[in-house]
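Have a look at the structure below, then the notes.
The values are calculated or read from the model by the stated rules, or taken from the named source; none is laboratory data. Everything quoted here is computed from the prediction, not taken from an experiment. Ideal geometry is used to build each Cβ from the backbone, glycine not excepted, and the neighbour counts take in all protein chains shown. For the accessible areas, the whole protein counts, side chains as well, though only heavy atoms, and no ligand, DNA or RNA atoms are used. Shrake-Rupley method; radii C 1.70, N 1.55, O 1.52, S 1.80 Å.
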Amino acid sequence: MGQAQQAPGARARSRTRQPRPNPTPGAGRNLPAATAVGLAMLFAVLGGLLFLPLGFVAVTTTFAVFGVWEIFRALEANGTRLPIVPVMVGTVAMPFSAYFGGPESLLFAMLISSVAVLLWRSVENATGSARSIFAGVFTLAWVPFLISFAALPLHVAGGVTPIGPWPGGVVPEGAWQVVILLLLVVSNDTFGYLVGASLGKHPMAPKISPKKSWEGFAGSIAGAMLIGVLASIFLLGKPWWVGVVLAVGMVASATAGDFAESMVKRELGIKDMSSILPGHGGVMDRLDSIVFASPVAFMLFVLVSGA
């Protein structure tokens, strides 16, 4: 008696109304939007690498800043106060320190940023200071420090660290190394998604990331090996096996980065860090693979430099 009666016409329309189609059934994201945004980001980054290296560093820094901001908001909603000012200053400083000063400057910037977090928090309210300091140093190490390894191959690449375009328009090997890093990370995501969405039946870590399957992982390995071998031969002039080594290292580290962010999000009780990138979620949902892959790529390129 207390409920309103629905008109017969409305009931008929309700029964005949069809749900709108999902552009990516079973995939969990809007594939056209994700593809468009991903390609736009890739072209922006590659354009900087090949024509204006300092622009690449600026774009990388911008992504890191947005990623840290997302972490700050997620932690604040969970009751942890991140010392955002010193963390943001360190986030901006580290990629440029790596580009202009190399590994020593990057480590120094990380150290100074961590000390700044400690000092900044020590003059504020002592309540929750331990969690706040740990969160600040963890965020510095997770995002700006790791992603700055992508700028290290550009330091003194070709004998100079230019502010403008590459001298003489010649792209040095260090820039091609970063291009290969990005191509392999994109290959990992693309081939893993395509194979996992169609054939995935056995989750790798169902409690952490239920949608990642062993079948998708195998697809990532196979696709990255193909891209790695071609890139190694035609972009670096290295033997084919260098591409295989790079592919395995990139897929393993990118997958670990994805799992690491998934664990953080599950701990915070959120699905995506934000919704700033259509079809992708937040910036950190795109950086999760790159931040782990960048230092691994840097070390692997050093190891195979004499091949």
Which chymotrypsin sites (Phe, Trp or Tyr not before Pro) does region 72-146 hold that lie in a coil by DSSP with at most 11 other beta carbons within 10 Å? none
Which value, in debye to the nearest 20, describes the size of the charge dipole of the chain about its Cα centre when Lys and Arg Cβ atoms bear +1, Asp and Glu Cβ atoms bear -1, and nothing else is charged? 1360
Bins of 5 Å, beginning at zero and ending with the bin holding the largest distance: percent of Cα pairs per bin for region 146-187, please. 6, 23, 29, 23, 13, 6, 1
Which value at 222 nm does the chain reach when only helices count, each DSSP H run of 4 or more adding -39,500 (n - 2.57), with the total divided by all residues and rounded to the nearest 500 deg cm²/dmol? -22500 deg cm²/dmol
Rg in Å to one decimal, and Dmax rounded to a whole Å, for region 158-259 via C-alpha atoms: 16.2, 52
When the distances between all Cα atoms of the chain are binned every 10 Å from zero, what whole-number percent does each bin get? 6, 24, 31, 22, 10, 4, 3, 1, 0
Longest segment of the chain lacking trypsin sites (Lys or Arg not before Pro) that sit in a DSSP loop with at most 14 other Cβ atoms within 10 Å: 18-200
Over all alpha-carbon pairs in region 81-217, figure out the percentage whose distance exceeds 18 Å. 67
Heavy atoms only, probe 1.4 Å: what % of the accessible area of the chain goes to carbon and sulfur, would you let me know? 69
Within the chain, which whole H helices from DSSP have a Cα span along their axis of at least 15 Å and a mean Kyte-Doolittle hydropathy of 0.5 or more, if any? 31-51, 53-77, 84-101, 103-122, 129-140, 173-199, 214-231, 240-268, 284-303
Quick one: ranking 284, 204 by accessible area, 1.4 Å probe, largest first, what do you get? 204, 284
Give me the mean projected area, in nm² to one decimal, of the convex hull enclosing the Cα positions of region 44-143. 6.3
Sum up the lysine pairs in the chain that clear both bars: alpha-carbon distance under 19 Å and a spacing of 8 or more or different chains. 8
